[in-house]
Amino acid sequence: MKTLKKVVLINGSPKKERSTTLNVSKAFIEGLKEEFDIELTTFNISDLNIKPCTGCLSCWGKTAGECVIKNDDIHIVKEKIEEADYVIESYPLYFFGMPGTMKVFTDRMLSMMMTYRGQESPKNGESFHGIRNPKENRKFIVISSCAYTGYEAVFEPLIKQYDCICGKDNYLFIPLPQLMTLIDLKNQAKIDKYLAKFKVAGHEFALSGKLSSETQELIKKPPFTVGAYKIFLGNFWEEQK
């Protein structure tokens, strides 16, 4: 009998179920299912009522660990995150960062961080604040797609934000260069071959809690050569005229 694991999938794409990134996130979860029985809870951030953080910092002081905004959906998501064994955030890169609705959600997670008390910036990649009430062995995965060929520079600001929040070695970041073009071409055989890598990666992550450097290099590899991708993009923008 397989062990039951609770997975929370947070879909930050404004396209909701039409998100191209979601294809990969679902494949990764299929890999987890090869090892565990999965209780999956999915949130489409664009469907939720989430008010912006007001910056009152009560969640660090008077109501430590609790946001004073009670008339929206954030407490529902936060409760599921605190119960989860795996938390997966899934969304496309928008203008070198997360989509706006996802940023509003992320700001409201401030109550899950320890109160800032004037400490200096971490020197060894630790979380800037530390997580309040951490659950042992909870895994956090960020899966994000972009339209660029080279992903290192374009994802750097986003990765730096997660490094500050989680600590450099406390989450798995999976970049997906060129993904939208791959899906838009509707070559199902090529799409299935691409997604199969992420199912294998999900299974490996379920077994060991991490991915080997070889697996990480494999899943980060763009599906097209630079030359072919330029042709695809040229054709795409011609069609938009």
* To do: Could you pull out every residue, at least 5 positions away or on a different chain, whose amide H is within less than 5 Å of the one on residue 42? Hs are placed 1.01 Å off N in the peptide plane, and Pro or chain starts have none.
  => 9
* Asked: Amide H neighbours of residue 174 under 5 Å, counting only residues 5+ apart in sequence or on other chains, H built in-plane at 1.01 Å?
  -> 142, 143, 144
* To do: With both partners inside the chain, how many of the DSSP beta bridges are antiparallel, as a percent to the nearest 5?
  => 5
* Asked: Using 0.36 nm per residue, how much length does the chain from residue 193 to residue 82 gain when fully extended, once their Cα-Cα distance is taken away?
  -> 36.5 nm
* Asked: Viscosity 0.692 mPa s, temperature 37 °C: Stokes-Einstein D of the stretch 142-241 from its Kirkwood Cα radius, in µm² per second?
  -> 219
* Asked: Equivalent-ellipsoid semi-axes (√(5λ), Cα gyration tensor) for the stretch 1-131, whole Å, largest first?
  -> 27, 19, 16
* For the stretch 40-132, state which chymotrypsin sites (Phe, Trp or Tyr not before Pro) are in a DSSP loop and have at most 16 other beta carbons lying within 10 Å of their beta carbon. => 95, 96, 116, 128
* For the chain, max minus min Cα coordinate along each principal axis, in Å, sorted largest first? -> 57, 50, 38
* To do: Any chance you could run the full-extension gain for residue 18 through residue 123? It's 0.36 nm times the residue separation minus the Cα-Cα distance, nm to one decimal.
  => 33.8 nm
* Asked: Mean Kyte-Doolittle of at least -1.0 and a Cα length of 27 Å or more along the axis: which whole DSSP H helices of the chain meet both?
  -> 188-208
* Cβ-Cβ FRET estimate between residue 232 and residue 159, R0 fixed at 30 Å, reported to 0.05 -> 0.70
* How much length is gained if the chain between residue 34 and residue 212 is pulled fully straight, taking 0.36 nm per residue apart and subtracting their Cα-Cα distance, in nm to one decimal? -> 62.3 nm
* To do: For the chain, with a Gaussian network of springs between Cα atoms less than 10 Å apart, report the residue from 87, 226, 104 with the top mean-square fluctuation.
  => 226
* To do: Work out the P(r) tail for the stretch 1-75: percent of alpha carbon pairs separated by more than 19 Å, whole number.
  => 54
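Read-outs throughout are calculated quantities, based only on the coordinates presented, and are distinct from any laboratory measurement. Just so you know, these numbers come straight off a predicted model, no measurement behind them. Because the Cβ atoms are built from the backbone with ideal geometry, glycine has one as well, and the counts that use them run over all protein chains shown.
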